[in-house]
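Structure first, then comments.
Quick note: the coordinates plus some simple rules give every number you see, no bench work behind them. No experiment lies behind these values; they were computed from the predicted model shown. All Cβ positions, glycine included, derive from the backbone under ideal geometry; neighbour counts span all protein chains shown.
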Amino acid sequence: MTYFMYDVHGNAVDEPDAAARRTLIVDGLADPEAVNPEVSLTHESGWSLTAYAGGLLLWENVEEEGTAAPETRDGVSVDEVVRVFDLLAEGEVEKVGGTF
């Protein structure tokens, strides 16, 4: 499985481990000087999660046309963001989709 993340400064990070993902999410979303107020993880399947400061979470397939429309959840805790990002990094697409 391959995946990559974008941090709040727009930098791509290839396949960060669980500790690095947590740091990118927790520290990034709390950074008041962030260039972009979001972090994202895109899996090789095309499925992507984007978490915004304030608790908005976006789930979408960025590669396949005709897939379901993007879905959102609001008021998501940072711990829940870390949990679903970990699931997607592990390729658990159906489990992530089931949370929306």
For this session: Take Val39 and decide whether it is touching a Gly at 6+ places or on another chain (Cβ under 9 Å), in a strand (DSSP E or B) and touching a residue at least 24 places away in the same chain (Cβ under 8 Å).
Result: yes
Exercise. In the range 53-100, what count of residues is obtained for those that are surrounded by fewer than 17 Cβ atoms within 10 Å (Cβ to Cβ), aliphatic (A, V, I, L, M) and in a loop (DSSP other than H, G, I, E, B)?
Worked result: 3
Problem set entry | Subset of the range 49-72 [farther than 18 Å from Val26 by Cβ and of a type outside the set (A, V, I, L, M, F, W, C)] | Glu60, Asn61, Glu63, Glu64, Glu65, Gly66, Thr67, Pro70, Glu71, Thr72
Exercise. Which condition number in (1) surrounded by 15 or more Cβ atoms within 10 Å (Cβ to Cβ); (2) in contact with a strand residue (DSSP E or B) (Cβ under 8 Å, 6 or more places away or on another chain); (3) without any contact (Cβ under 8 Å) to a residue 60 or more places away in the chain is the one that Ile25 fails?
Worked result: (3)
Exercise. Restricted to the range 1-22, and to residues that are without any contact (Cβ under 8 Å) to a residue 60 or more places away in the chain and assigned to a helix (DSSP H, G or I), which residue is surrounded by the most Cβ atoms within 10 Å (Cβ to Cβ)?
Worked result: Ala20
